[in-house]
Amino acid sequence: MNATRMFVTMKKWLYIVLSMCLLMAGAETFAVEKSGVSVGDAAKTGTQGVNRIYSSRELIRRAAEPGPFHNFPEVFNKTIFQNGTKTITPNYFNVAKPGLSNTNILYKYPGTVNGTKGFFEIGVRPSVSGRTEVIMHRFFNPVR
């Protein structure tokens, strides 16, 4: 095995190990967020709440780039989901995944990080049932 191929293999394993460490360190903090929906809201919308689960890609991204733009506090999620803008893009994903739709939903909420203005963004890929959203993107996007 040449050195380049060995490095790529080791890098992949490092990402996997880091992701697993993040999950074990605080599964509720890093792996899953469940947004509560009241019984009254459920009756209006026809849903029993939405489970939000982080994709491995998102967890790896956080581990690879530990700065504040990918790692803003988890408590911001609730505000972003409840009060942010919601942009739905049908047929966004080109590769089919079992149980997941091809729709992308981007939630955005304005804010600042270290004095830099921008938008907190969370992009999700909903399940076919709509009861679960896989978080594919979580980033503070500075306004340039």
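The values are calculated or read from the model by the stated rules, or taken from the named source; none is laboratory data. Given the structure is predicted, the values throughout are model-derived calculations rather than measurements. For neighbour counting, all protein chains shown are included, and Cβ atoms are generated from backbone atoms with ideal geometry for every residue, glycine included. Ligands, DNA and RNA are stripped out before the accessible areas are found, and what is left, the full protein with its side chains, is counted by its heavy atoms. Shrake-Rupley method; radii C 1.70, N 1.55, O 1.52, S 1.80 Å.
Overview of values
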| read-out | value |
| --- | --- |
| Nearest-10 value in Å² for the accessible area of PHE120, using the 1.4 Å probe | 10 Å² |
| Cβ-placed point charges (K, R +1; D, E -1), dipole of region 47-144 about Cα centre in debye, nearest 20 | 80 debye |
| Using a Förster distance of 35 Å, the FRET efficiency for VAL95-VAL75 (Cβ separation, nearest 0.05) | 0.60 |
| Probe 1.4 Å - accessible area at HIS70, Å² to nearest ten | 10 Å² |
